[in-house]
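Single-structure report; data block below.
The values are calculated or read from the model by the stated rules, or taken from the named source; none is laboratory data. Because the structure is predicted, anything quoted here is derived from the model rather than measured. Here the Cβ is made from the backbone with ideal geometry for all residues, glycine too, and neighbour counts use every protein chain on show. Accessible surface is based on the protein model in full, side chains and every heavy atom, while ligands, DNA and RNA are left aside. Shrake-Rupley method; radii C 1.70, N 1.55, O 1.52, S 1.80 Å.
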Protein chains: 2
Amino acid sequence: MPKVTEAHVAERRKQILAAAQDVFSTKGFEPATMQDIVKISGMSRGGVYQYFGSTEAMMRALLEQNTKEFSDYVQSLIQKNGIIWDSLVEYLNSVSKEANTPFSIAVYEYFVSGWHNEERKAYLAKRYLNGQSVFLQLFKEGVRRGEFFPCQPLEVITRFFINVTDGIALEASLLNHQLIDTSNQIDSLKLYLKTALGIDKMNVE
Amino acid sequence: MPKVTEAHVAERRKQILAAAQDVFSTKGFEPATMQDIVKISGMSRGGVYQYFGSTEAMMRALLEQNTKEFSDYVQSLIQKNGIIWDSLVEYLNSVSKEANTPFSIAVYEYFVSGWHNEERKAYLAKRYLNGQSVFLQLFKEGVRRGEFFPCQPLEVITRFFINVTDGIALEASLLNHQLIDTSNQIDSLKLYLKTALGIDKMNVE
């Protein structure tokens, strides 16, 4: 048996997950089959199954990867700008540009079509709480730096912020940014944030 | 052939749609079959097919019914209270109590799992625009009665309002009201509304 290095394993996993993301984004999660993914992965059926036993396992691996990237991204936002509000605006601009990706809608499909699947529900709850704790750090940092004077608990502000941005991402995926008027929705969210964070009198965008 | 009265037709349709709503709410939309619905409808297979040829047609009929009921409900809210803000609060209270129904999640499933189905997408766009025009009337009435002094276009406020309440309903269906902290999310929405509608200095709940 050939010796399989760690780098080789990581490379094959990456290759399969790229194929899976591609298939989920074009066909949707539920209609996607292992065969579809094998076909475009450039690997043998046995080779793929050695790494992942199901499309479910592939989606989970993609979500874990996505969670890690998201957390790193928010950390970088905290470090990047002297003013946290600028980081928030940068994030909101990215929402209005990138929300419309087919993979994000495949992720919604995974959770929404799995609403009678207890395991997926539990995973969603974990993901939801994790997303909150990631963003909570950003708002906390704004308070620490003396920018924000919140009139609601930061946890409440964070949850609302995530609800709205997720809602925009979902609506934009199902419809489109023009119909849902994303840029004005983001202005509404900014209006809320300025009030809730006590910065409505500051000279901010 | 027996003469079929209009009342009889309406009664049969109602009976089938009640069965369909039941099945969609327990099994989910995609897994539901015509056979499931026939079984609990108390009618014969041929009888059911005479009215609806597919679960898709049944879901559309349920959505049409739901659109009508929703529009009537918002109209009643406009008439019911002297103060439009009270109607808004009443609606928001209903969101925090009723969002968690399995049928509403089946509706989300229908649209989200149908994201690569152009017909469903077009129907969703129609539904989205209709929901907006229904709520826009309520906000307009608040301006007409001298309650609201909006600092954003009413269309923008309406869209944001719908995004947030839909987001709460979806999150509550997939997770639960406690985890997503619905009552605080609604307080956040009220904070936004008071600012956007220019009633933050009014003595409102």
Right, A:Thr101: buried (at least 22 other Cβ atoms within 10 Å of the Cβ), more than 8 Å from chain B (Cβ to nearest Cβ) and farther than 19 Å from B:Glu171 by Cβ or not? no
In this structure, is B:Arg159 among the basic types (Lys, Arg) and within 9 Å of chain A (Cβ to nearest Cβ)? yes
Exactly one of these conditions fails for B:Gly82: (1) in a helix (DSSP H, G or I); (2) under 29 Å from B:Gly198 (Cβ atoms). Give me its number. (1)
Across segment B:28-64, what is the total count of residues that are touching a helix residue (DSSP H, G or I) at 6+ places or on another chain (Cβ under 6 Å) and either open to solvent by 60 Å² or more (accessible area, probe 1.4 Å) or aromatic (Phe, Trp, Tyr) (or both)? 5
So B:Phe70 passes all but one of these: (1) open to solvent by less than 70 Å² (accessible area, probe 1.4 Å); (2) assigned to a helix (DSSP H, G or I); (3) under 27 Å from A:Glu118 (Cα atoms). Which condition number does it fail? (3)
Answer yes or no: is there a residue in segment A:81-93 that is in contact with a Leu (Cβ under 6 Å, 6 or more places away or on another chain) and within 12 Å of another protein chain (Cβ to nearest Cβ). no
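Which of the residues spanning segment A:126-135 are over 15 Å from B:Leu179 (Cβ atoms) and aliphatic (A, V, I, L, M)? Walk me through it before giving the result.
First pass over segment A:126-135, keeping only residues over 15 Å from B:Leu179 (Cβ atoms): A:134-135.
Listed by number, the list holds a single entry, A:Val134.
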In segment B:92-119, how many residues are without any contact (Cβ under 8 Å) to a residue 60 or more places away in the chain, touching a helix residue (DSSP H, G or I) at 6+ places or on another chain (Cβ under 6 Å) and part of a helix (DSSP H, G or I)? 2
Return the residues of segment B:162-196 that are of a type in the set (A, V, I, L, M, F, W, C) and within 8 Å of chain A (Cβ to nearest Cβ); say none if nothing qualifies. B:Val164, B:Ile168, B:Leu170, B:Leu174, B:Leu175, B:Leu179, B:Ile180, B:Leu189, B:Leu191, B:Ala196
Positions within segment B:152-161 being in a helix (DSSP H, G or I) and either farther than 13 Å from B:Gly131 by Cβ or open to solvent by less than 20 Å² (accessible area, probe 1.4 Å) (or both), in sequence order: B:Leu154, B:Val156, B:Ile157, B:Thr158, B:Phe160, B:Phe161
Just to verify a result, which residue in segment A:163-186, among those that are touching a residue at least 24 places away in the same chain (Cβ under 8 Å) and β-branched (Val, Ile, Thr), is surrounded by the fewest Cβ atoms within 10 Å (Cβ to Cβ)? A:Ile186
Whether any residue in segment A:197-205 is at the interface with chain B (Cβ under 10 Å from one of its Cβ atoms) and touching a helix residue (DSSP H, G or I) at 6+ places or on another chain (Cβ under 6 Å) is what I want to check. yes
It is to be established whether one or more residues within segment B:104-121 are open to solvent by 60 Å² or more (accessible area, probe 1.4 Å) and more than 8 Å from every other protein chain (Cβ to nearest Cβ). yes
All positions within segment A:140-172 that are within 18 Å of A:Leu77 (Cα to Cα) and aromatic (Phe, Trp, Tyr): A:Phe148, A:Phe161
Here are some conditions: (1) more than 8 Å from every other protein chain (Cβ to nearest Cβ); (2) in a helix (DSSP H, G or I); (3) open to solvent by 10 Å² or more (accessible area, probe 1.4 Å). A:Phe149 meets all but one. Which one does it not meet? (2)
Does B:Ser87 meet the test of being touching a residue at least 24 places away in the same chain (Cβ under 8 Å) and either assigned to a helix (DSSP H, G or I) or not aromatic (Phe, Trp, Tyr) (or both)? yes
Residue list for segment A:122-146, restricted to those being among the small types (Gly, Ala, Ser) and open to solvent by 20 Å² or more (accessible area, probe 1.4 Å): A:Ala122, A:Ala125, A:Ser133, A:Gly146
